[in-house]
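Report on one structure; see the data block that follows.
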Amino acid sequence: MADITVIGGINIDIEGRPFKPLKREDSNPGRIILSYGGVGRNIAENAARMGADVAMVSVVGDDYMGKGAKDHLAGLGADVSGIDIIPGETTATYLSILNHRNDMELAVNDMNVVEHILPDYIDKKADIISSSRIIAMDGNLCRRTIEYVTERFSNIPMFFDPVSTLKAVRASDIIGRFTCIKPNVMEAETLSGVKIENEDDLRRAGYRFLELGVEKIFITLNKNGVYYRDRHDEGFIRPGKVAISSATGAGDSFSAAILAKMAEGQDIRKIAEYGMAAAALTMESPHAVNEKICGEEIERRIRINV
């Protein structure tokens with residue numbers, strides 16, 4: 001069984017990238033990229049590419065794209081025995097439109113199939129999950145499932161990626177059950193109840209999470225890097241220069257980096273450095289997962305920036 005089990009969504013990413021500034025209510029010439037995605041799936045793929053021992057628990061629709069997504073993860077060495085194909089369903093799909101600066105302008109997501117990941121489904125995959133050293137969940141899971149997993153497998157360290165402010169509330173009153181979390185600033189405000197406007201506020205939010213029971217906190221700061229904290233250390237890692245092709249998926253590679261280094265027992269600053277280097281690599285690719293990402297390249301980037 002795998003060291004890391006990711007429970008979360010698998011979906012198909014359709015990304016539109018205009019050649020010029022977007023014109024609303026009009027057809028914009030550009031490029032459309034189709035790829036496998038989903039926060040949980042992206043985390044699992046990145047972790048596998050980093051050399052981590054990873055399994056995934058999820059569902060896909062009864063269609064060629066869903067089956068392809070499962071086979072793709074298996075080809076990278078991930079354990080996909082926890083991924084079921086649901087008859088009569090279509091695989092979840094995420095449609096995003098970037099602007100001419102390669103930042104997301106708007107998106108539509110259809111994650112209905114993920115609603116099959118309920119407590120009874122978790123019970124079916126209990127052998128896979130219970131053998132893990134770390135369990136990771138993304139905020140696309142429903143509240144019932146998040147709560148059930150934290151109750152049933154409370155003896156195993158857990159990681160939570162909130163995904164969005166709206167979805168972060170699903171875990172707001174049980175956030176202390178997680179060993180490690182990786183929210184952005186807005187998600188951290190939702191989960192901690194602390195308004196964050198400066199570095200002192202970040203420290204207060206970090207301390208609040210420690211009070212609630214979280215052991216490792218990584219608050220991502222977009223172009224300003226990441227704030228990290230545990231009971232022994234805190235600080236900031238600032239980004240170096242990055243030639244951004246697309247920011248999509250950078251947070252997912254950061255989450256994978258956290259999991260990979262947690263499994264190795266690394267200290268929190270090393271984890272934060274690894275995560276920042278992984279995110280930078282991801283942003284250099286037009287895809288949500290950079291196929292060139294690997295542990296050796298991440299470590300090389302860290303040495304360059306030290």
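The values are calculated or read from the model by the stated rules, or taken from the named source; none is laboratory data. None of these values were measured; they are calculated from a predicted model. Cβ coordinates were reconstructed from backbone atoms using ideal geometry, including for glycine residues, and neighbour counts include every protein chain displayed. Heavy atoms of the whole protein, side chains included, go into the accessibility calculation; ligands, DNA and RNA do not. Shrake-Rupley method; radii C 1.70, N 1.55, O 1.52, S 1.80 Å.
See the values below:
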{"item": "With every protein chain in place, region 201-253: carbon and sulfur % of accessible area (1.4 Å)", "result": "45"}
{"item": "Percentage relative contact order, the chain, counting C-alpha pairs under 8 Å, at least six apart", "result": "17"}
{"item": "Computed lengthening from SER130 to ASN305, 0.36 nm per intervening residue step minus Cα-Cα distance", "result": "59.2 nm"}
{"item": "Residue-averaged [θ]222 nm for the chain, counting only DSSP H segments that reach four residues, each worth -39500 (n - 2.57)", "result": "-11000 deg cm²/dmol"}
{"item": "Sulfur and carbon atoms: percent of accessible area, region 127-192 [1.4 Å]", "result": "49"}
{"item": "Of GLU264, GLU215, GLU189, the one that fluctuates the most in a GNM where the chain has Cα springs shorter than 10 Å", "result": "GLU264"}
{"item": "Reachable lysines, given that their alpha-carbon falls under 26 Å from the alpha-carbon of LYS67 and they are not under 8 places away in the same chain", "result": "LYS124, LYS125, LYS292"}
{"item": "Region 92-182, relative contact order [Cα under 8 Å, separation at least 6], %", "result": "23"}
{"item": "For ILE302, net neighbour charge (Lys/Arg +1, Asp/Glu -1) across residues whose Cβ lies under 12 Å away", "result": "+2"}
{"item": "Reach of LYS195 by Cα under 16 Å, taken over aspartates and glutamates that are not fewer than 8 positions away in the same chain", "result": "GLU187"}
{"item": "Trypsin sites (Lys or Arg not before Pro) restricted to region 17-110 and DSSP loop, no more than 13 other C-beta within 10 Å", "result": "LYS23, ARG24, ARG101"}
{"item": "Cα-projected label distance for VAL108 with PHE236, points at 7 Å along beta-carbon direction, nm", "result": "4.0"}
{"item": "GLY37 long-range amide H proximity, modeled H, under 5 Å", "result": "ASN11, ILE12, ASP13"}
{"item": "Under 16 Å from the Cα of LYS270 - lysines, other chains or at least 8 residues apart", "result": "LYS182, LYS216, LYS261"}
{"item": "Alpha-carbon spread of the chain, three principal axes, descending order, Å", "result": "51, 45, 37"}
{"item": "Chymotrypsin sites (Phe, Trp or Tyr not before Pro) restricted to region 1-93 and DSSP loop, no more than 14 other C-beta within 10 Å", "result": "PHE19"}
{"item": "Solvent-accessible area per residue for region 132-215 (1.4 angstrom probe, square angstrom)", "result": "43"}
{"item": "Angstrom value of the Kirkwood radius, inverse mean 1/r, which spans all Cα pairs in region 3-55", "result": "13.2"}
{"item": "SER58 long-range amide H proximity, modeled H, under 5 Å", "result": "ILE83, ASP84"}
{"item": "Contact order normalised by residue count of region 1-140, Cα under 8 Å, 6+ apart, percent", "result": "34"}
{"item": "Region 113-180 and region 32-70: distance between their alpha carbon centers, rounded to Å", "result": "18"}
